[in-house]
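The next block holds one structure in the form of structure tokens; read it before the comments.
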Amino acid sequence: MNTPHAQTIAAIRRQRGASLVIMGHHYQGGLVIQHTDLRGDSLELARQVRGLRAARHIVFCGVSFMAETAAMLAAPGQKVVSPAPEAGCVMADMAPGPLADAVLRRLTADGRRIIPLAYVNTDAHVKAVVARHGGSVCTSANAPAMLRWALERGDGVLFLPDKNLGHNTANILGLREDRRAVIDVSGMGAALDPAALRSKTLLLWPGMCVVHKRFTAAQVEAVRHRDPDALVVVHPECEPEVVGRADAAGSTSFIIRYVAEAPRGAAIYVGTELNLVERLAREHEGVRTVRPLTPSHCRNMAKTTEEVLAATLEDLDDIEPVTVPCDVARDAVVAIERMLEACR
Ligand code: 13P
Ligand code: SF4
């Protein structure tokens, strides 16, 4: 759409050329995503940053943990800018760094080797804590490979903060339910009973995504009843009862491919953030019918608007870049590198 903001953005992009790269997560709205040079799921975006050596400015449209990851992977002299620095992630906030550290210390006080595996939806402090405890990070696209990586390295794994992704990934690996436990992290870990958890291989942080919690097993059942031929694809942040009833589950890029590869004429119900579902519905209109399992919006992703993006670009030379304290970044990058190395 050729709005005044779109014209501003286009003019600045022309003027700055290859020195400006705009990246965007698939959950960004259409008015923002149309201006991106690169879009992707969390793993693809993280991987692409290292290839952007000509860029002086990387403008990251997404939420703060993604922009932070990009800032830590950027080359010296490159400036990563977030149009909406206040856009956090409700799930990432459920696992603050000092709490993650306290819980890990308590779980390992008796010498048990617990390898932490943090979903990339965590802040840099958590990634640094995880690195210091010998762990790594994962995204929804590589969680099974990374959980296997972590299981091979210790007596147990602490998966944080998304218990749903943890359960869904354990189901893929065939890790029995009685070998898993959702842990109580209250009182800075004081409520934990490490001896009682010794028989558990997978310890799950009690976090979740509020956007994906809105999808329910009853909604999938209703689709099956209404339209038995319809396909259902969901993000693995949904509860296991939802994932177990769906035809497929995977990262945002997986969902995009799944819809594109579905037979012509198919009806596909999608359990993920609404901006992506609406874009898929538009792109496949007349060929496939794409509907949300239920409309569910991430209010943090929505904080980057076309107007905010235009204002950011106008102010690019003066705007504060995304920064992570050096000691935190140094360790957090180790955790990210372990993932990139394990999943080339
Ligand atoms: P993806 O890595 O699948 O893009 O997911 C990121 C996210 O925040 C999902 O809620
Ligand atoms: Fe975080 Fe959920 Fe929004 Fe993804 S959809 S950014 S996990 S709150």
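FYI, it's all coordinate maths here, none of it is from the lab. Every value quoted in this text rests on a predicted model; they were computed, and no experiment measured them. For neighbour counting, all protein chains shown are included, and Cβ atoms are generated from backbone atoms with ideal geometry for every residue, glycine included.
For the chain, take the alpha-carbon Rg, divide it by the Kirkwood Rh, and send me Rg/Rh.
With Rh from the inverse mean 1/r over Cα pairs, Rg/Rh is 0.98.
By how many nm would the segment from VAL210 to ARG47 lengthen if fully extended, with 0.36 nm per residue of separation less the alpha-carbon distance? Let's see the in-between values first.
Values: separation 163, 0.36 × 163 = 58.68 nm, distance 2.65 nm.
Going from the current span to full extension adds 56.0 nm.
Give me the one-decimal nm value for the distance between modelled label points at ALA342 and ARG299, 7 Å along each residue's Cα-to-Cβ direction.
That separation, rounded to one decimal, is 3.4 nm.
When only C-alpha pairs under 8 Å and at least 6 residues apart count, what is the relative contact order of the stretch 83-183, in percent? Don't skip to the end; give the middle numbers.
On the way: 126 pairs, mean separation 28.0, N = 101.
Relative contact order for the stretch 83-183 comes out at 28 percent.
At 20 Å minimum axial length over the Cα atoms and a Kyte-Doolittle cut of -0.5, report the qualifying DSSP H helices in the chain, or say none. List each step's numbers first, then the result.
On the way: long enough: 326-342 (24 Å, 0.56).
Passing helices, by number: 326-342.
Taking the simple approach of a point 7 Å from Cα along Cα-to-Cβ for both ARG56 and LEU173, what is their distance in nm?
The modelled label-to-label distance comes out at 4.6 nm.
With r defined as the distance between the Cβ atoms of ALA190 and GLU152 and R0 fixed at 35 Å, what FRET efficiency is calculated, to the nearest 0.05? Walk me through the intermediate numbers first.
On the way: r = 31 Å, r/R0 = 0.87.
So, using R0 = 35 Å, E works out to roughly 0.70.
Taking 0.36 nm per residue of separation and subtracting the Cα-Cα distance, what length does fully extending GLU320 through ASP93 add?
Working: separation 227, 0.36 × 227 = 81.72 nm, distance 2.25 nm.
My answer for the length gained is 79.5 nm.
Which of the peptides 177-188, 115-126, 260-271 is most tightly packed, and how do the rest follow, going by the mean number of other Cβ atoms within 10 Å of each residue?
Numbers: 177-188: 14.6, 115-126: 26.8, 260-271: 16.7.
Ranking the peptides 177-188, 115-126, 260-271 by packing returns 115-126, 260-271, 177-188.
Would you mind calculating the gained length between THR3 and ALA260 on full extension (0.36 nm times residue separation, minus the Cα-Cα distance), in nm to one decimal? Numbers along the way, then the final one.
On the way: separation 257, 0.36 × 257 = 92.52 nm, distance 2.91 nm.
Roughly 89.6 nm would be gained on extension.
Only four residue types carry charge here, +1 at the Cβ of Lys and Arg and -1 at the Cβ of Asp and Glu. Report the dipole size of the stretch 61-159 about the Cα centre in Debye, rounded to the nearest 20. All intermediate terms of the calculation are to be shown ahead of the outcome.
Details: 9 positive and 8 negative charges, 62 e Å.
Using Cβ point charges on Lys, Arg, Asp and Glu, the stretch 61-159 gives about 300 debye.
For Cα pairs less than 8 Å apart in space and 6+ apart in sequence, what is the mean separation divided by the residue count of the chain, i.e. the relative contact order in percent? Before the final figure, lay out the partial values.
On the way: 679 pairs, mean separation 71.8, N = 344.
Once divided by the residue count of the chain, the mean separation gives 21 percent.
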